[in-house]
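So the structure is just underneath, and the comments pick up after that.
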Amino acid sequence: MFDTPWDTAQFQPLLDNIEMRHNKIVLLCFATHWHSDKTIGLAYSREKGIKTYTTVLNDELSNLNNKKRAEFLMTKDTNFTTGQYSFETGYLREAHNRDNIVIWFEKERILYTGYLIKGTDVDDLSFIGDGNKKTYAGTLKKVQKKFRHPSWIVITNSDWKDIGSLKHSIRMANKLGRNN
Ligand SMILES: [Zn+2]
(Lines give C-alpha, C1' and ligand atoms only; values in the text may rest on other atoms or scores of the structure.)
Protein backbone atom coordinates (compact mmCIF):
# COMPACT_ATOMS: atom_id res chain seq x y z
CA MET A 1 0.00 0.00 0.00
CA PHE A 2 1.38 3.36 -1.02
CA ASP A 3 -0.01 6.10 1.22
CA THR A 4 -3.04 5.51 3.40
CA PRO A 5 -6.54 7.00 3.37
CA TRP A 6 -6.81 10.44 4.95
CA ASP A 7 -10.10 9.52 6.59
CA THR A 8 -9.23 7.28 9.54
CA ALA A 9 -12.66 5.62 9.35
CA GLN A 10 -11.59 4.23 5.95
CA PHE A 11 -8.51 2.27 7.11
CA GLN A 12 -10.22 -0.99 7.96
CA PRO A 13 -12.81 -0.84 5.14
CA LEU A 14 -9.94 -0.40 2.67
CA LEU A 15 -8.03 -3.40 4.04
CA ASP A 16 -11.25 -5.46 3.99
CA ASN A 17 -11.98 -4.34 0.47
CA ILE A 18 -8.53 -5.34 -0.81
CA GLU A 19 -8.93 -8.75 0.79
CA MET A 20 -12.45 -9.23 -0.56
CA ARG A 21 -11.96 -7.95 -4.08
CA HIS A 22 -8.41 -9.07 -4.75
CA ASN A 23 -8.01 -11.91 -2.28
CA LYS A 24 -4.79 -10.25 -1.04
CA ILE A 25 -3.62 -8.97 2.28
CA VAL A 26 -1.53 -5.84 2.62
CA LEU A 27 2.02 -6.68 3.72
CA LEU A 28 3.87 -3.40 3.16
CA CYS A 29 2.88 0.22 3.60
CA PHE A 30 4.83 3.29 2.46
CA ALA A 31 4.25 7.00 3.06
CA THR A 32 5.54 9.11 0.16
CA HIS A 33 5.83 12.33 2.18
CA TRP A 34 5.12 13.46 5.73
CA HIS A 35 1.74 15.25 5.31
CA SER A 36 -1.16 13.66 7.22
CA ASP A 37 -2.94 12.44 4.11
CA LYS A 38 0.05 10.14 3.49
CA THR A 39 1.26 9.23 7.00
CA ILE A 40 -1.91 9.12 9.09
CA GLY A 41 -2.48 5.39 8.56
CA LEU A 42 1.06 4.30 9.43
CA ALA A 43 0.31 3.59 13.10
CA TYR A 44 -2.88 1.69 12.28
CA SER A 45 -1.12 -0.34 9.60
CA ARG A 46 1.63 -1.18 12.04
CA GLU A 47 -0.91 -2.39 14.61
CA LYS A 48 -2.31 -4.66 11.92
CA GLY A 49 1.10 -6.28 11.43
CA ILE A 50 1.81 -4.49 8.14
CA LYS A 51 5.46 -3.50 7.68
CA THR A 52 5.58 0.28 7.43
CA TYR A 53 8.33 2.22 5.66
CA THR A 54 9.40 5.83 5.17
CA THR A 55 12.70 7.53 4.45
CA VAL A 56 14.88 8.91 7.24
CA LEU A 57 14.10 12.45 6.03
CA ASN A 58 10.37 11.73 6.06
CA ASP A 59 10.68 10.40 9.60
CA GLU A 60 12.55 13.51 10.79
CA LEU A 61 9.88 15.78 9.33
CA SER A 62 7.04 13.60 10.65
CA ASN A 63 8.58 13.71 14.10
CA LEU A 64 8.99 17.48 13.91
CA ASN A 65 5.37 17.94 12.80
CA ASN A 66 3.80 15.37 15.14
CA LYS A 67 2.76 12.96 12.40
CA LYS A 68 2.52 9.18 12.51
CA ARG A 69 5.79 7.37 11.88
CA ALA A 70 6.86 4.13 10.27
CA GLU A 71 8.57 1.15 11.85
CA PHE A 72 11.31 0.84 9.22
CA LEU A 73 13.40 3.67 7.80
CA MET A 74 15.11 3.76 4.40
CA THR A 75 18.47 5.49 4.30
CA LYS A 76 18.58 5.51 0.49
CA ASP A 77 16.57 4.55 -2.61
CA THR A 78 15.59 0.93 -2.02
CA ASN A 79 14.41 -2.08 -4.03
CA PHE A 80 11.63 -4.29 -2.73
CA THR A 81 10.28 -7.60 -3.98
CA THR A 82 7.05 -9.08 -2.74
CA GLY A 83 5.50 -12.09 -4.43
CA GLN A 84 5.82 -11.55 -8.19
CA TYR A 85 6.25 -7.79 -7.91
CA SER A 86 9.38 -5.70 -7.65
CA PHE A 87 9.58 -1.97 -7.22
CA GLU A 88 12.01 0.70 -6.15
CA THR A 89 11.72 3.94 -4.23
CA GLY A 90 13.23 7.14 -5.62
CA TYR A 91 14.06 10.42 -3.92
CA LEU A 92 14.73 13.06 -6.58
CA ARG A 93 14.88 16.06 -4.20
CA GLU A 94 12.42 18.72 -3.06
CA ALA A 95 9.17 19.61 -4.84
CA HIS A 96 5.67 19.33 -3.33
CA ASN A 97 7.48 18.65 -0.11
CA ARG A 98 11.06 18.35 1.09
CA ASP A 99 10.87 14.58 1.43
CA ASN A 100 8.61 13.44 -1.45
CA ILE A 101 9.54 10.07 -2.95
CA VAL A 102 8.15 8.21 -5.95
CA ILE A 103 7.70 4.47 -6.51
CA TRP A 104 8.69 2.75 -9.76
CA PHE A 105 7.61 -0.67 -11.03
CA GLU A 106 10.16 -1.25 -13.79
CA LYS A 107 8.57 -4.35 -15.31
CA GLU A 108 5.03 -2.97 -15.33
CA ARG A 109 6.25 0.58 -16.07
CA ILE A 110 4.06 2.05 -13.35
CA LEU A 111 5.17 5.30 -11.77
CA TYR A 112 3.48 6.15 -8.49
CA THR A 113 4.03 9.80 -7.62
CA GLY A 114 1.55 10.60 -4.87
CA TYR A 115 1.04 14.35 -4.78
CA LEU A 116 4.15 15.32 -6.75
CA ILE A 117 2.42 15.27 -10.15
CA LYS A 118 -0.99 16.75 -10.90
CA GLY A 119 -3.43 15.77 -13.62
CA THR A 120 -3.82 17.59 -16.93
CA ASP A 121 -7.32 18.55 -15.73
CA VAL A 122 -5.97 20.87 -13.02
CA ASP A 123 -4.12 24.11 -13.57
CA ASP A 124 -2.01 24.49 -10.47
CA LEU A 125 0.27 22.40 -8.30
CA SER A 126 -1.85 23.20 -5.21
CA PHE A 127 -0.25 23.54 -1.76
CA ILE A 128 3.53 23.97 -1.86
CA GLY A 129 3.96 25.79 1.47
CA ASP A 130 6.16 22.99 2.81
CA GLY A 131 7.87 22.30 -0.48
CA ASN A 132 10.26 24.08 -2.80
CA LYS A 133 9.05 26.21 -5.71
CA LYS A 134 12.56 26.75 -7.04
CA THR A 135 13.48 23.08 -7.35
CA TYR A 136 10.04 21.67 -8.24
CA ALA A 137 10.54 21.65 -12.01
CA GLY A 138 14.08 20.26 -11.70
CA THR A 139 12.88 17.43 -9.49
CA LEU A 140 10.13 16.49 -11.95
CA LYS A 141 12.65 16.49 -14.81
CA LYS A 142 14.84 14.11 -12.80
CA VAL A 143 11.83 11.83 -12.32
CA GLN A 144 11.18 11.97 -16.07
CA LYS A 145 14.79 11.13 -16.89
CA LYS A 146 15.20 8.33 -14.36
CA PHE A 147 11.92 6.49 -14.89
CA ARG A 148 11.57 6.34 -18.67
CA HIS A 149 8.43 5.62 -20.65
CA PRO A 150 5.89 4.89 -17.92
CA SER A 151 2.65 3.27 -19.09
CA TRP A 152 0.82 4.54 -16.04
CA ILE A 153 1.45 7.54 -13.80
CA VAL A 154 -0.47 7.07 -10.59
CA ILE A 155 -1.38 10.41 -9.05
CA THR A 156 -3.63 11.45 -6.21
CA ASN A 157 -6.70 12.90 -7.89
CA SER A 158 -6.73 12.43 -11.67
CA ASP A 159 -6.64 9.90 -14.50
CA TRP A 160 -3.74 7.42 -14.22
CA LYS A 161 -3.76 6.50 -17.89
CA ASP A 162 -3.10 10.09 -18.94
CA ILE A 163 0.69 10.15 -18.79
CA GLY A 164 0.65 13.75 -20.04
CA SER A 165 0.34 14.63 -16.35
CA LEU A 166 4.14 14.67 -15.93
CA LYS A 167 4.82 17.09 -18.79
CA HIS A 168 1.86 19.21 -17.70
CA SER A 169 3.23 19.38 -14.15
CA ILE A 170 6.71 20.31 -15.42
CA ARG A 171 5.14 23.21 -17.35
CA MET A 172 3.32 24.37 -14.21
CA ALA A 173 6.45 23.99 -12.10
CA ASN A 174 8.52 25.96 -14.63
CA LYS A 175 6.07 28.84 -14.29
CA LEU A 176 6.25 28.56 -10.52
CA GLY A 177 10.05 28.71 -10.58
CA ARG A 178 10.02 31.82 -12.76
CA ASN A 179 7.54 33.67 -10.56
CA ASN A 180 9.53 33.15 -7.39
ZN1 LIG B 1 1.28 16.91 0.84
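The values are calculated or read from the model by the stated rules, or taken from the named source; none is laboratory data. These numbers were taken from a predicted model, which means no experiment stands behind them. Glycine also receives a Cβ, built like all others from the backbone with ideal geometry; neighbour counts cover every protein chain displayed.
Selection of segment 144-167 for residues being within 16 Å of the ligand (Cβ to nearest atom) and in contact with a strand residue (DSSP E or B) (Cβ under 9 Å, 6 or more places away or on another chain) yields 154, 155, 156. Within segment 9-66, if we keep just the residues that are charged (D, E, K, R) and loosely packed, with under 12 Cβ neighbours inside 10 Å, the residue that is nearest to residue 94 (Cα to Cα) turns out to be 47. Number of residues in segment 15-40 that are touching a strand residue (DSSP E or B) at 6+ places or on another chain (Cβ under 7 Å) and not β-branched (Val, Ile, Thr): the value is 7. Out of segment 90-114, which residues are of a type in the set (A, V, I, L, M), touching a Leu at 6+ places or on another chain (Cβ under 7 Å) and assigned to a strand (DSSP E or B)? Residue satisfying the conditions is 102 alone. Take the residues in segment 118-131 that are within 13 Å of the ligand (Cβ to nearest atom) and touching an Asp or Glu at 6+ places or on another chain (Cβ under 8 Å); name whichever of them is farthest from residue 32 (Cα to Cα). This residue is 118. Considering segment 1-88, the qualifying strands (runs of 3 or more DSSP E), each wholly inside and each with 1 or more residues that are within 16 Å of the ligand (Cβ to nearest atom), run over 28-30, 51-55.
Within the option set 137, 173, being part of a helix (DSSP H, G or I), touching a Gly at 6+ places or on another chain (Cβ under 7 Å) and either on the phi > 0 side of the Ramachandran plot or modelled with pLDDT of 95 or more (or both) holds for one residue only, 137. For segment 100-108, state whether one or more residues are more than 16 Å from the ligand (Cβ to nearest atom), touching a residue at least 40 places away in the same chain (Cβ under 8 Å) and within 26 Å of residue 60 (Cα to Cα). Within segment 100-108 (the criterion being more than 16 Å from the ligand (Cβ to nearest atom), touching a residue at least 40 places away in the same chain (Cβ under 8 Å) and within 26 Å of residue 60 (Cα to Cα)), the answer is yes, since at least one residue qualifies. Scanning segment 134-171 for residues that are within 16 Å of residue 97 (Cα to Cα) and either free of Cβ contacts under 8 Å to residues at least 24 places away in the same chain or aliphatic (A, V, I, L, M) (or both) gives 137, 140, 143, 155, 170.
Checked against (1) more than 16 Å from the ligand (Cβ to nearest atom); (2) closer than 22 Å to residue 42 by Cα; (3) within 16 Å of the chain's Cα centre (by Cα), residue 115 passes all but condition (1).
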